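Student: Supplied in structure tokens, the structure appears directly below.
The values are calculated or read from the model by the stated rules, or taken from the named source; none is laboratory data. Keep in mind that what you see is a predicted model, and the values were worked out from it rather than measured. Every residue, glycine among them, receives a Cβ derived from its backbone with ideal geometry; neighbour counts consider all protein chains shown.
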Amino acid sequence: MISLLFDIFGLAALAALATALVVTWIGRRLAPPDHRGALVLPVAVAVGYFAGYAVLPRSWAALVPQPNQAWQWLPYLGLLAAAISTLTHSFPKSSAWRLSVWAVTPVVAAALAPTWPVYGLSRQVLIGLIVVYLLVVGIPMQRLPARLFNLSFLGVLTAAATLLALVTGAMQSLTLAQLAAIAAGALAGSAIACAVGPRPTDLSVRSLVPVFVALVGGAAVVVAVEPDPPQTGLLAIGLLPLAMWLMVAIPIRKAQMTV
């Protein structure tokens with residue numbers, strides 16, 4: 001068991017954790033106050049993921065994405081999601097942040113959809129299904145009350161990535177498991193930096209949702225469709241944070257029905 005953990009959460013995950021921790025720590029002190037909330041966390045996690053990915057062997061984790069190796073797009077999708085999230089969350093009084101997940105998901109789906117049929121479905125159909133999955137991962141989280149976007153929410157995101165890495169490593173592939181492990185390391189690094197410093201604002205934590213969709217939701221897609229036969233059950237792990245939305249939405253709905 002210990003050996004399995006070291007194989008999954010090895011040097012790459014540690015590099016992601018350290019990089020995200022340092023970028024978060026420095027960024028929260030140097031970023032302009034008006035942009036600190038929306039800028040630091042998504043950039044720190046995306047840069048941390050890229051740093052962790054860069055440590056992986058180039059034999060399968062190429063920096064120039066190769067055909068039929070969709071996972072090689074993940075570090076770039078993380079950076080794109082961070083850029084979109086930063087842009088749309090930079091205006092707290094605007095509702096542009098609601099569009100961030102909608103903007104990210106089609107790009108992630110097009111980059112990660114396999115070129116071969118899965119369950120007999122064409123690539124175009126798979127892109128549509130992946131878009132729907134990623135929207136289900138991200139949209140409910142965006143709708144959570146502001147009070148839930150706190151350090152505990154960062155822990156939930158980290159736990160989902162960690163669980164995806166563990167299950168993938170135990171049931172499928174140690175190699176692919178590292179893709180989720182790097183995301184877990186980056187999220188953990190930012191969470192640690194926030195835990196030992198000023199607590200993050202709800203805006204800063206909410207800005208992580210598009211990055212989570214791209215990196216953890218994207219990794220779940222990869223580990224689900226790469227094996228033969230596909231392991232679509234692994235997609236459920238990316239929905240773990242959805243439990244927070246259900247815990248809030250169901251009581252509110254019951255209260256409204258009793259009024």
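Rundown of residues vs (1) assigned to a helix (DSSP H, G or I); (2) touching a His at 6+ places or on another chain (Cβ under 7 Å); (3) modelled with pLDDT of 95 or more, yes/no style:
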site	(1), (2), (3)
125	yes, no, yes
132	yes, no, yes
140	yes, no, no
197	no, no, no
214	yes, no, yes
218	yes, no, yes
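Here's the yes/no breakdown for (1) over 14 Å from residue 215 (Cα atoms); (2) among the aliphatic types (A, V, I, L, M); (3) modelled with pLDDT under 95:
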| position | (1), (2), (3) |
| --- | --- |
| 18 | yes, yes, no |
| 21 | yes, yes, no |
| 53 | no, no, no |
| 73 | no, no, no |
| 98 | yes, no, yes |
| 105 | no, no, no |
| 112 | no, yes, no |
| 117 | yes, no, yes |
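Student: Check off (1) without any contact (Cβ under 8 Å) to a residue 60 or more places away in the chain; (2) surrounded by fewer than 24 Cβ atoms within 10 Å (Cβ to Cβ); (3) farther than 19 Å from residue 23 by Cβ for residue 166 and give me the number that stays unchecked.
Tutor: (1)
Student: On to the next question. Would you point out which residue out of 183, 159, 188 is touching a Leu at 6+ places or on another chain (Cβ under 8 Å), within 21 Å of residue 42 (Cβ to Cβ), assigned to a helix (DSSP H, G or I) and modelled with pLDDT under 95? Before you say what the answer is, go through the steps one by one.
Tutor: Details: 183 fails: modelled with pLDDT under 95; 188 fails: modelled with pLDDT under 95.
Checking each option against the conditions leaves just 159.
Student: Can you name the number of the only condition in (1) at pLDDT below 90; (2) surrounded by 16 or more Cβ atoms within 10 Å (Cβ to Cβ); (3) closer than 22 Å to residue 243 by Cα; (4) of a type in the set (Gly, Ala, Ser) that residue 90 fails?
Tutor: So the condition that residue 90 fails would be (3).
Student: Starting from segment 25-51, take each residue that is more than 15 Å from residue 210 (Cβ to Cβ) and of a type in the set (Gly, Ala, Ser) and list its partners that are modelled with pLDDT of 90 or more and not in a helix (DSSP H, G or I), counting only C-beta distances under 6 angstrom and pairs at least six apart or across chains.
Tutor: Nothing qualifies.
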